[in-house]
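The values are calculated or read from the model by the stated rules, or taken from the named source; none is laboratory data. No experiment lies behind these values; they were computed from the predicted model shown. Neighbour counts run over all protein chains shown; Cβ positions are idealised from the backbone, glycine included. Heavy atoms of the whole protein, side chains included, go into the accessibility calculation; ligands, DNA and RNA do not. Shrake-Rupley method; radii C 1.70, N 1.55, O 1.52, S 1.80 Å.
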Number of protein chains: 2
Amino acid sequence: MEVGGVLHMNAGTGETSYSNNSHLQKKVISMTMPIIEEAMTNLYSSTSPSSLVIADLGCSSGHNSLFVVSELIKIVEKLRQESGHQSLEIQVLLNDLPGNDFNTIFKSLPSFQKNLSSQLEAKDAGPYFFSGVPGSFYGRLFMRKSLHFLHSSYSLHWLSQVPEQIENNKRNIYIASTSPPNVLKAYHSQFQRDFSTFLKCRAEEMVTGGRMVLTFIGRKSEDPTKEKSSNSMWEVFALALNDMVSKGLIKEEKLDSFNIPHYTPSLSEVKSEILEEGSFSIDRLEFSEISRSIYYKEYNHSDVSKIAANSVRAVAEPLLVSHFGDGIIEEVFCRFTEILSEHISQENILEITNLIISVTKK
Amino acid sequence: MEVGGVLHMNAGTGETSYSNNSHLQKKVISMTMPIIEEAMTNLYSSTSPSSLVIADLGCSSGHNSLFVVSELIKIVEKLRQESGHQSLEIQVLLNDLPGNDFNTIFKSLPSFQKNLSSQLEAKDAGPYFFSGVPGSFYGRLFMRKSLHFLHSSYSLHWLSQVPEQIENNKRNIYIASTSPPNVLKAYHSQFQRDFSTFLKCRAEEMVTGGRMVLTFIGRKSEDPTKEKSSNSMWEVFALALNDMVSKGLIKEEKLDSFNIPHYTPSLSEVKSEILEEGSFSIDRLEFSEISRSIYYKEYNHSDVSKIAANSVRAVAEPLLVSHFGDGIIEEVFCRFTEILSEHISQENILEITNLIISVTKK
């Protein structure tokens, strides 16, 4: 299954929308901000650009994407004022798949731009131009040598398609401890093809000296079946689906033919693809950890299972609907929330390992 | 009233959507195609570009916009092959106000691109990149000197706002034979401000030698109160609103405070703004005529009043809802269709005068 026509975050601004269930993703962006700032500072200092083209890949419905964009613009404006340069035009390109809810971002832009202007001290700042770019980042999206800075957070763990010939991954929906070896191999090969395509496309689109900061879910252990943190949420979700099968609410064949187009690479897997492709020099390649238990502290919410389940729903619902139909959605997420609350104290269930990559186009 | 947050064509693909009620606009584009082709041919011949940035302003939900884009790409590909040049990248920028339904265009892009590829003979054609650009064209939208070709059809007769201080245009909703002189003056001044702002912004954004082809509704007579064709549809629509007032369904003050942010300039008004702004040389400045009676012939439909009413509804409904609320919509368009069918044989009621402008950036 190709994901281009199916995968998108839940649209709009309702209870189960991505917009209302992406606090974790915002927190990850905040944690990455020092690396983003470092990359932009190096870009600005080395090139003193008279105009700047910035892209955010996997912008979804935009709250988090616009948060990054506003931070980037503030960094550039600070650098510009410190160096006494003239104002510069910034083009912001917001990318996601064609099924993404761009209307919600676009409608929020006028107030976003007003707020941004009021936060910038310099009266001669800007102008800033915004575009939406619909398409898969596993293909070309932008003109040759047109991009100066590229950011993507929590998008590159999505593959371009479910790996082929993994029908024997029965009762699982991703790599699990009971997955046969060919499943691991198929997922890894798909990641290699996708990530190297991504790098090749971006290498054509970026200017020499351009910077790229990517953050996505990864894993610490080289053996994915041993990974106890990042993958465990899908294992718990598979329990809910299996529960539906045993109650006769989902056909067994239907579950067996469902797998998530998602891969959490190790640091060495990522590094080896970047070196092999060869167009980028690595400035940083790091782990960071985040726990869904931030919901306890940051959002003053006791019902972590419900919030965690909604955060999975916001990203996975369209995929599930496309395979199982929309009749099962309420029920499966109800069960998932219940099962999750039983597992919530289990070691690592709430933990996520992120990979952060900062590279320069050679 | 500023129109930025209110004006947009009816979204989606339903019965009263713009997408399903814009046959007339497509016919106008087809009629203009020889002028578009001439402008693109001159651009290509004089610059032999290695990449091309094309913008369509006022793209709405996209059918007609993508029709123009596919024609433009076919023209460029034909010119390229004839001259034996290498393939070139084309960036297509689709602009409309932030409230426009961009999701519908974006979802149609994958199949559009597939169809386009199958129509192009050259295997090395492309690649083509598509972006949506939300914002008012009465302000800057694109980076400096970034555009080669700009097209806009049936958008520039919309003003940036309803002219101020025309509260005395009672029982009318646009310039009508009973409008006081200050109303005519206010509409004309608003057009002058808006059109000169439009030209200034585009002058900054276009490369030297870039081409711009604009089509919009205009008028033949210098005195707008004498115009019998283009403006008459609004006069008939005002009858429907007045009918609602006399039945107590709309308050008189509410109607008196409503005016359409729309202006149909004469050829000399347009020419004088282009000359005054000074950045563009005029290649063509022409009238063309179209009649809504094409519905009889082209669409094999006897119910012209209903189709004409729907075509007005598709462009004006959001404006009306914002002022009168959505409770009156069905009723007012029902009355409008009835009144229109009584006036349909009236001279010129179905006639529209278009202005076509083809200019080159100096």
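Restricting B:V236, B:V213 to those that are at negative phi and modelled with pLDDT under 85 reduces the list to B:V236. Within the option set B:E77, B:E82, B:E121, B:E71, being away from chain A (no Cβ under 14 Å) and either over 21 Å from B:N42 (Cβ atoms) or aliphatic (A, V, I, L, M) (or both) holds for one residue only, B:E121. Applying the set (1) among the β-branched types (V, I, T); (2) under 27 Å from B:K362 (Cβ atoms); (3) assigned to a helix (DSSP H, G or I) to B:I282 leaves exactly one unmet item: (3). The residues of region B:304-333 that are more than 23 Å from B:Y154 (Cα to Cα) and open to solvent by 70 Å² or more (accessible area, probe 1.4 Å), listed by number, are B:D326, B:G327, B:E330, B:E331. In region A:234-272, the qualifying residues are those that are within 21 Å of the chain's Cα centre (by Cα) and among the charged types (D, E, K, R), and the one that is farthest from A:D326 (Cα to Cα) is A:K271. Between B:S61, B:S30, the distinction of being under 19 Å from B:L109 (Cα atoms), modelled with pLDDT under 90 and either open to solvent by less than 60 Å² (accessible area, probe 1.4 Å) or part of a loop (DSSP other than H, G, I, E, B) (or both) belongs to B:S61 only.
Yes or no, residue by residue, for (1) open to solvent by 60 Å² or more (accessible area, probe 1.4 Å); (2) charged (D, E, K, R):
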site: A:S70; (1), (2): no, no
site: A:R80; (1), (2): no, yes
site: A:I90; (1), (2): no, no
site: A:N95; (1), (2): no, no
site: A:N100; (1), (2): no, no
site: A:F112; (1), (2): no, no
site: A:S118; (1), (2): yes, no
site: A:E121; (1), (2): yes, yes
site: A:G132; (1), (2): no, no
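A:H63 meets all of the listed conditions (1) out of contact with any helix residue (DSSP H, G or I) (no Cβ under 8 Å at 6 or more places or on another chain); (2) more than 13 Å from chain B (Cβ to nearest Cβ) but one, namely (1).
Residue count for region A:134-154 satisfying the condition of being open to solvent by less than 30 Å² (accessible area, probe 1.4 Å), within 13 Å of chain B (Cβ to nearest Cβ) and over 26 Å from A:S50 (Cβ atoms): 4. From the list B:F102, B:F130, the lone residue that is in contact with a strand residue (DSSP E or B) (Cβ under 7 Å, 6 or more places away or on another chain), within 13 Å of chain A (Cβ to nearest Cβ), hydrophobic (A, V, I, L, M, F, W, C) and over 30 Å from B:Q81 (Cα atoms) is B:F102. Could you count how many residues in region B:245-277 are farther than 22 Å from B:S155 by Cα and out of contact with any Phe, Trp or Tyr (no Cβ under 9 Å at 6 or more places or on another chain)? Number satisfying all stated conditions: 10. Exactly one residue out of B:A39, B:A55 is within 14 Å of chain A (Cβ to nearest Cβ), at pLDDT 90 or above, crowded, with 20+ Cβ neighbours inside 10 Å and in contact with a strand residue (DSSP E or B) (Cβ under 6 Å, 6 or more places away or on another chain): that is B:A55.
Among residues of region A:258-272 that are of a type in the set (A, V, I, L, M, F, W, C), those with a Cβ under 8 angstrom from a residue that is crowded, with 19+ Cβ neighbours inside 10 Å and part of a loop (DSSP other than H, G, I, E, B), sequence gap 6+ or separate chain, pair up as A:F258/A:I173; A:I260/A:V162; A:I260/A:I173; A:I260/A:Y174; A:L267/A:G218; A:V270/A:G218. Report yes if A:I90 is part of a helix (DSSP H, G or I) and either within 11 Å of another protein chain (Cβ to nearest Cβ) or in contact with a strand residue (DSSP E or B) (Cβ under 8 Å, 6 or more places away or on another chain) (or both), otherwise no. In short, no. Within region A:2-18, the presence of at least one residue that is at positive phi, modelled with pLDDT under 90 and within 13 Å of chain B (Cβ to nearest Cβ) is confirmed. Among residues that are open to solvent by 20 Å² or more (accessible area, probe 1.4 Å) and either farther than 27 Å from B:S221 by Cα or not β-branched (V, I, T) (or both), B:E273 is not included.
Among what's in region B:285-303 and is open to solvent by less than 40 Å² (accessible area, probe 1.4 Å) and part of a helix (DSSP H, G or I), pick the residue that is modelled with the lowest pLDDT. Selected residue: B:Y295. The one condition from (1) surrounded by 16 or more Cβ atoms within 10 Å (Cβ to Cβ); (2) closer than 24 Å to A:A314 by Cα that A:S257 does not meet is (1). When A:D326 is tested against (1) touching a helix residue (DSSP H, G or I) at 6+ places or on another chain (Cβ under 9 Å); (2) under 24 Å from A:F216 (Cα atoms); (3) modelled with pLDDT of 75 or more, exactly one condition is not met: (2). The set of residues in region B:74-101 that are touching a residue at least 40 places away in the same chain (Cβ under 8 Å) and either touching a helix residue (DSSP H, G or I) at 6+ places or on another chain (Cβ under 7 Å) or not aliphatic (A, V, I, L, M) (or both) comprises B:K74, B:E77, B:R80, B:Q81, B:E89, B:Q91, B:N95, B:D96, B:P98, B:G99, B:N100, B:D101. Pairs meeting the criteria (first residue in region B:207-228 and without any contact (Cβ under 8 Å) to a residue 60 or more places away in the chain, second residue surrounded by fewer than 23 Cβ atoms within 10 Å (Cβ to Cβ) and of a type in the set (D, E, K, R), beta carbons under 6 Å, at least 6 apart or on different chains) are B:S221/B:E227.
With respect to being free of Cβ contacts under 8 Å to residues at least 24 places away in the same chain and either more than 23 Å from A:E38 (Cα to Cα) or facing chain B (nearest Cβ under 9 Å) (or both), A:P110 fits the description. Restricting region B:102-140 to residues that are among the basic types (K, R) and part of a helix (DSSP H, G or I), the residue that is nearest to the chain's Cα centre (by Cα) is B:K107.
Of all residues in region B:42-52, those that are at pLDDT below 95 and part of a strand (DSSP E or B) total 1.
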